Structures are given as C-alpha cells and as structure tokens.
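Novice: Please read through the structure below; I'll follow up with questions.
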C-alpha cells in the first residue's frame, strides 16, 4: 500500500511539473540516498561499546543461539551508555542501553534482544529507514506541488496522499512490532521472559512519569502532567503487546494439545 | 544539592528528601560506592515488594539532585553503572542548616536573630 501511495505522489509530480518534476524527484532521491549513507556511517558515535564475548558470555551466547535459530548472521551487539532502559536495531546490529541491565534480569534482557532479532529477521531494519525516507520524499514533493502547481485538485490530492501515507505508515509500524514479538516468542527458550520484560518496562515508565510529575512545581495542575497517548504513535502500547503475547502463547499451547 | 523544601513533621533526612530516597542515601553514605543491584538487594530486606525499576529511578533521581554521581565501570561482568556519593553526610547536613538559616535571615531577620541569641544564652 505504501509504495502505491509514493507512486501516486510521483505521478502527480511528473504529470503537473513535467521535466522539472522529474529533476525534483531524481534530486530528492539522490539527496536522501546520500543522507542515508552518511547517517549509517555516523549512527554509532559516542556512548556505544561493542560487546565482546568475555564481557557477558550469557548475553553473547544467548543472542548467537537465537540468531542461529532465526537463520540470520550473528548480529553486532552494542551497549549504549544511557540509564534509560532502551533497545533498538539497525542493519544487522542490536543496541541495548545500560539502563536495561539495571531493571531487567538476564532472561528478560534476552527477551528484549529476541524482539530486536525479530526485527532483523523480518527485514524491518531495512524497511524502517526506507519508510522514513519515503516520508521525507512525500513531504518534500507535497511542498513542491503546493509551491509550483496552482491547481487545487493536484494540491488536495498531494496533501491527501501524504496524510494517507502517514496513517498507513503508523499502522504498518505497529504491525511490524507485533510481528517482531511473534518471532521473538518462537526464538526464546522461555517465551514468558519477553512478557515479563515488557511488564517491568511498563512499570518503569509509569513510575518515571510519576516521579517526574511529583518533582514539578505544585502549581501545575495534575491533569496536564499525564502523558498523552497519540493516535499517531508508531509503537503499540505495552498492554497491547502483552495481551498479544499472552494470546499467542495460549494459542500455541492449544495447538500443541490438538496435535 | 540545595534543599528546596523542609518538612517540619518529618524526622532526619526525610525532612528534606522523600522517604525511599532518604533510605538509599543512608545506605550510600555507609558504603560510598554501589551498583543499583547492590542497593536493590539492601532495600529488598526492608521492602520485599520493591522492584529493581524503583531503585534505578530513585538513584538516577538522586543523581539529578546532585547527591550521587553515575559512572560506567567495565569489569568481568561487562559494562555497568556504578553510583558514588558526591558529598559526605556531614557536609550535606551543614548545607541544609546554612540554606534554612539563610532563608530565615533574609525573610525574618529580626525574629531569627533574636531566637538564635536566646538559644546561645
């Protein structure tokens, strides 16, 4: 769906701007490609440390075992100097923040790592940057059409396509998070460790918000301190993920009993 | 760290720090350097339901208050955060007294001065 939306935006640009449109499209794609190359080369600067086997054999071996089960090469594992628990992946690399090691036990950390391996296995580490750059392309072409094309239909169609792209992008990203969880459940020796990790991380975030809110000056009304859940959030909530994981585990157990 | 409020109905450190943060500081002043895991093990003895997340958040809150500092240590167990005290308990208490007396002297100079003179006698 997303590629059809981009294609439609490209067609509108070509249709209404002709050669100028083609030059804009090619120039933007070339610029975004160079930006992508620059970002990938400079994504790991300060605060990252590449994990060596001797440092945490349980983590290194656990990730190697799961990568093997997933049929992917052993990912590079980086430890990030950040006290906030966090994890993400890019290319064939996994980043785990030091904060994770303070709040989760070994099994739960492997649960988080399994989710990131799930993203690599499912091709999300390639798809997600493409989608992000697709978004910039949509936005830039939309702006060009507004400035250079003085036809209401073209402007409205371009804006509509951008909005549609955003809605589809958010929906797609959420689906990929669930898919990474599903893959993680297959990779883990004890699937419940991912659920437990998410529960602990949810507890951490809720508590952190409470502690932050209580540290604010008292004159601020409490209602304004609550974190708002946006419909444009690209990640599903912890609760949604936990429910899906439970349903998946129960479903698997039920299927096993039928065999 | 400058205390911003003083609770008249609380005792000891709890007058200037929330109860759990005060307990963590009591322990940290005793051991001087510790990981969040070590503090968690200590706190769990008194609060069995306490979670690792609570300790981690409170210790980082104490870092923001300037009472603790966090550094990365690479050892046999890999990288980890180690927390250490930035001030002794005596220095901290001295600073509280100075801050409160300065505030009293600038807001209620005569009454404070008169009361302090009375105590001295």
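Novice: If you take the residues of region B:40-54 that are more than 8 Å from chain A (Cβ to nearest Cβ) and within 22 Å of residue A:205 (Cβ to Cβ), which of them is farthest from the chain's Cα centre (by Cα)?
Specialist: B:49
Novice: To continue, here is another question. Please state which of the following conditions residue B:7 fails to meet, knowing it meets all the rest: (1) surrounded by 13 or more Cβ atoms within 10 Å (Cβ to Cβ); (2) touching a helix residue (DSSP H, G or I) at 6+ places or on another chain (Cβ under 8 Å); (3) more than 10 Å from chain A (Cβ to nearest Cβ); (4) without any contact (Cβ under 8 Å) to a residue 60 or more places away in the chain.
Specialist: Exception for residue B:7: condition (1).
Novice: Look at residue A:203 and say whether it is surrounded by 15 or more Cβ atoms within 10 Å (Cβ to Cβ), part of a helix (DSSP H, G or I), out of contact with any strand residue (DSSP E or B) (no Cβ under 7 Å at 6 or more places or on another chain) and in contact (Cβ under 8 Å) with a residue 60 or more places away in the chain.
Specialist: Against the criterion (surrounded by 15 or more Cβ atoms within 10 Å (Cβ to Cβ), part of a helix (DSSP H, G or I), out of contact with any strand residue (DSSP E or B) (no Cβ under 7 Å at 6 or more places or on another chain) and in contact (Cβ under 8 Å) with a residue 60 or more places away in the chain), residue A:203 does not qualify.
Novice: Something else now. Considering only residues of region A:44-69 that are more than 14 Å from residue B:77 (Cα to Cα), part of a loop (DSSP other than H, G, I, E, B) and within 14 Å of chain B (Cβ to nearest Cβ), which is modelled with the highest pLDDT?
Specialist: Ranking the qualifying residues of region A:44-69, first place goes to A:47.
Novice: In the list A:64, A:70, A:87, which residue meets the criterion of being more than 30 Å from residue A:162 (Cβ to Cβ), touching a helix residue (DSSP H, G or I) at 6+ places or on another chain (Cβ under 8 Å) and free of Cβ contacts under 8 Å to residues at least 40 places away in the same chain?
Specialist: A:87
Novice: Determine if region B:83-98 includes at least one residue that is without any contact (Cβ under 8 Å) to a residue 12 or more places away in the chain, part of a loop (DSSP other than H, G, I, E, B) and over 24 Å from residue A:212 (Cα atoms).
Specialist: For region B:83-98, residues without any contact (Cβ under 8 Å) to a residue 12 or more places away in the chain, part of a loop (DSSP other than H, G, I, E, B) and over 24 Å from residue A:212 (Cα atoms): absent.
Novice: Only one residue in A:134, A:123, A:118 is modelled with pLDDT under 90 and under 30 Å from residue A:47 (Cα atoms). Which one?
Specialist: Being modelled with pLDDT under 90 and under 30 Å from residue A:47 (Cα atoms) holds for just one of A:134, A:123, A:118, which is A:134.
Novice: Is one or more of the residues making up region A:33-43 under 23 Å from residue B:82 (Cα atoms) and part of a helix (DSSP H, G or I)?
Specialist: Checking region A:33-43: not a single residue is under 23 Å from residue B:82 (Cα atoms) and part of a helix (DSSP H, G or I).
Novice: Return yes when residue B:54 is in contact (Cβ under 8 Å) with a residue 24 or more places away in the chain, surrounded by fewer than 18 Cβ atoms within 10 Å (Cβ to Cβ) and touching a helix residue (DSSP H, G or I) at 6+ places or on another chain (Cβ under 8 Å) and no when it is not.
Specialist: Criteria not met by residue B:54.
Novice: What about residue A:74, is it surrounded by 12 or more Cβ atoms within 10 Å (Cβ to Cβ) and closer than 26 Å to residue A:238 by Cβ?
Specialist: Criteria not met by residue A:74.
Novice: Let me ask something else about it. Of everything in region B:15-39 that's more than 15 Å from the chain's Cα centre (by Cα) and in a helix (DSSP H, G or I), which residue is farthest from the other protein chains (Cβ to nearest Cβ)?
Specialist: Applying the filter and picking the extreme gives B:38.
Novice: Quick one: would you say residue B:39 is farther than 25 Å from residue B:6 by Cα, surrounded by fewer than 16 Cβ atoms within 10 Å (Cβ to Cβ) and in contact with a strand residue (DSSP E or B) (Cβ under 9 Å, 6 or more places away or on another chain)?
Specialist: no
Novice: On the given criteria, is residue A:99 more than 11 Å from chain B (Cβ to nearest Cβ), part of a helix (DSSP H, G or I) and touching a helix residue (DSSP H, G or I) at 6+ places or on another chain (Cβ under 8 Å)?
Specialist: no
Novice: With A:22, A:17 as the choices, which residue is in a helix (DSSP H, G or I) and touching a residue at least 12 places away in the same chain (Cβ under 8 Å)?
Specialist: Within the list A:22, A:17, the selection yields A:17.
Novice: Let me ask something else. Quick one: in region B:65-82, which of the residues that are in contact with a helix residue (DSSP H, G or I) (Cβ under 8 Å, 6 or more places away or on another chain) and free of Cβ contacts under 8 Å to residues at least 40 places away in the same chain is farthest from the other protein chains (Cβ to nearest Cβ)?
Specialist: Result: B:69.
Novice: What do you reckon, is residue B:69 modelled with pLDDT of 90 or more, surrounded by fewer than 15 Cβ atoms within 10 Å (Cβ to Cβ) and in a helix (DSSP H, G or I)?
Specialist: no
The values are calculated or read from the model by the stated rules, or taken from the named source; none is laboratory data. In this text the structure is predicted, and so the values were computed from the model without any measurement. Backbone-built Cβ (ideal geometry, glycine too); neighbour counts: all protein chains shown.
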